[in-house]
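To start, the structure itself, in structure tokens.
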Amino acid sequence: MFRKLSHFSILLIVMVAAILIMWGLTGTDFMSLGNFQSMAYQLPELGVLTLAMMIAMLTSGINLSIIATANLSGIVMALILTKTFPPESALINSPWLVVGAILTGLLVAIIVGLINGFLIAVLDISPILATLGMMILLGGVSLVLTDGYVISGFSPTMLAIGNKDWLGIPVPMIIFLACAGFMSLILNKTPLGTRIYMFGSNPVACFYSGVNNKVVLFRTYIISGIFSGIAAIIMISRFNSAKADYGESYLLLTILAAVLGGVSAAGGFGKVSGLIISLVILQMISSGLNLMGISNFFTLALWGIVLIFVMIVKYVIDIRAQKRWNA
Amino acid sequence: MKKLLNRHETYVFIAVVVFSIIITIINPNFFTLENLFDLLKSYSLMGTFAIGMLFVLISGGIDISFTAIATVAGYTIAVLLLNVGDHLNIYMVFLIAGSIGIALGFLNAVIIHVFRIPSIITTIATLNIFYGLLTVITKGKWLYGFPTWFGDFATTRVFTLYSAHGNPYGLSIITVIWIGLVFISWFLLRFTILGRSLYAMGGNVNSAKRAGFNIFGNTAFVYSYMGLMAGIGSVIQALLVQTVAPNSLVGKEMDVIAAVVLGGASLTGGTGSVIGTILGVTLIAIMGNGLTLMHVPALWYKVVIGLVILISVGVSAYRRKMSAHKRVIIEND
């Protein structure tokens, strides 16, 4: 019985437990449609950023610059949305301006991904250092671009992305599900996905089996950049503003969510399905405590406790399985 | 000489000297004793954290939770100072804060060692736990209005000089505490079996284990030492600003790690030195201070720091690659 318990099943049990506990503690409020909808608005921001972190972690790397990338790309979008035309012009509300702004913002995120890839693949800098440097540098560039102020006031089209729903499903949720589907497709159905897992488990073996490691790293960090850019769209649209230091507390939370979802910090292991369950668990805890009127900081503490709890359970199961193997 | 050229510290030192010369040419106020003493005092906090971080990095781990540990320790002593401040003295404050730091650091070590959870994950989790619970309990309230003796100690100078305008300045007692910590740490790393075994463990855990080093003992030591530095740092922070806020330190973890890495410590363990760490902190300090003195807008500070870090790690990665390349050629001959 114990040997068959994978990380995924532990997560499922924790999720069911979290739902039941929160339901029991908060009463019927928790199971209401309104609560589920508000959860579906909150989850995607952290969700897309976690995807950006996950793909880097699969290659046994890490991307500390995801939040800085998202902020920079969000600021570029915001600048185009608010500064290209005078406020009285009709063009400022044009949907095409939104499309242009988003594409430019994504291009910025791709360029950041390229630079990260160059630093890591060509210059051989360890990912944690390269992206740490990039995080500080991009944060600085964002500050210089905005003078440290907030850029706000977007057109209704832009705001619709973060705040409207389609058939009852919030648009950010649809974006997140599309991203998760895309990521799952890359990881499971393309050669790149296989190579990412191989590189994460053993870069040397991967190289000798004829894989161009440099290309794999470049693509990994570009995809990570694109996800950061997509997260930027959701963020600026939900906040109706962009700033150099939004969401800095998300950085460590993305690592927490990814690891809770079964992504190994040593690389090579982790599935999108586990990640989604882990995000749902975190969101359940957060919303449940919120309904009970308990401070957000208690949520942070509980997230930390859940992470350590899951890691300990996994360790105990591994040890048991090993003993059985030896016996 | 050749040996010197192979050391990362030499390059950081050259960078420090070059930057200092450039800044002094533009603004001679930089190279005055007054500015130097001021810099030393205000960067004592980062320096203290950096030394603790160095030990963790050498052993092959990482600690993200030290800011939260410092916050817990700082808040505890602030509450004590406000309530029973008249019965305390500065030694007791350091002792209490240090003990809290050691206890929380030891907890990290136990989780990391007993359950084999990677240090980065453990400490991200404990960061959230320590910081979250503290903020819930304290409701994020700022504490200030400490006893006068606490304020007096912060402004104590070992010797006092007077500037041309008659302003007093001098070597702060806070700087002396920091320098004391630097010497103890340098001695520990360089001349004790414990210190050398940390390098062995960071280089290769399995070899260190086979060689008979106590891995749990070492792990417990480095995280407790990091906790101790976090505790001492929290007192330094309280002395410097005379206010304790739950959110003043958390979020600055990466700045400290960047300084230590700039000084030549590697995140894979086994390398790094106290001298390098001090040079790394110095480089960050003089750049922050120098940009202000050169009238560069403060907004550009992070851009410059980011570039310096990228160049520094880029150059050392390139040198490592070249030396590996050379080795391959020799082996082929």
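The values are calculated or read from the model by the stated rules, or taken from the named source; none is laboratory data. The structure presented is a predicted model; accordingly, all values stated were derived computationally and were not measured. FYI the Cβ positions are ideal-geometry reconstructions off the backbone, even for glycines, and counts take in every protein chain you see. We work out accessible area using only protein heavy atoms, side chains counted, and drop any ligands, DNA or RNA first. Shrake-Rupley method; radii C 1.70, N 1.55, O 1.52, S 1.80 Å.
Things to note:
- Residue in segment B:260-267 that is within 14 Å of chain A (Cβ to nearest Cβ) and either under 30 Å from B:A78 (Cβ atoms) or free of Cβ contacts under 8 Å to residues at least 24 places away in the same chain (or both) present: yes
- Flag: B:F159 does not match the condition of being open to solvent by 60 Å² or more (accessible area, probe 1.4 Å) and either modelled with pLDDT of 90 or more or within 11 Å of another protein chain (Cβ to nearest Cβ) (or both).
- Candidate set from segment B:268-283 (those that are more than 20 Å from B:A317 (Cβ to Cβ) and not polar (S, T, N, Q)); member that is nearest to the other protein chains (Cβ to nearest Cβ): B:V281
- Extreme residue, nearest to the other protein chains (Cβ to nearest Cβ), among residues of segment B:293-322 that are more than 21 Å from A:M135 (Cα to Cα) and touching a helix residue (DSSP H, G or I) at 6+ places or on another chain (Cβ under 7 Å): B:M294
- Segment A:279-327, subset within 13 Å of chain B (Cβ to nearest Cβ), among the polar types (S, T, N, Q) and open to solvent by less than 70 Å² (accessible area, probe 1.4 Å), residue farthest from the chain's Cα centre (by Cα): A:S295
- One residue from A:G148, A:G140, A:G133, A:G162 being small (G, A, S) and open to solvent by 20 Å² or more (accessible area, probe 1.4 Å): A:G148
- A count restricted to segment A:77-103 and to residues that are open to solvent by less than 50 Å² (accessible area, probe 1.4 Å), among the β-branched types (V, I, T) and without any contact (Cβ under 8 Å) to a residue 60 or more places away in the chain stands at 1.
- A:G139 passes every criterion in (1) closer than 15 Å to A:I223 by Cβ; (2) within 14 Å of chain B (Cβ to nearest Cβ) apart from (1).
- Search result, residues across segment B:107-129 that are among the hydrophobic types (A, V, I, L, M, F, W, C), crowded, with 22+ Cβ neighbours inside 10 Å and more than 8 Å from chain A (Cβ to nearest Cβ): B:A109, B:I112
- At least 1 residues being farther than 24 Å from B:V308 by Cα is the threshold, and among the helices (runs of 4 or more DSSP H) wholly inside segment B:196-281 those reaching it are B:205-210, B:215-241.
- All of (1) touching a residue at least 12 places away in the same chain (Cβ under 8 Å); (2) crowded, with 21+ Cβ neighbours inside 10 Å hold for A:F269 with one exception: (2).
- Within segment A:67-74, the presence of at least one residue that is more than 14 Å from chain B (Cβ to nearest Cβ) and either out of contact with any strand residue (DSSP E or B) (no Cβ under 7 Å at 6 or more places or on another chain) or open to solvent by 40 Å² or more (accessible area, probe 1.4 Å) (or both) is confirmed.
- Test: residue in segment A:124-135 that is away from chain B (no Cβ under 14 Å), under 21 Å from A:L49 (Cβ atoms) and of a type outside the set (G, A, S): no
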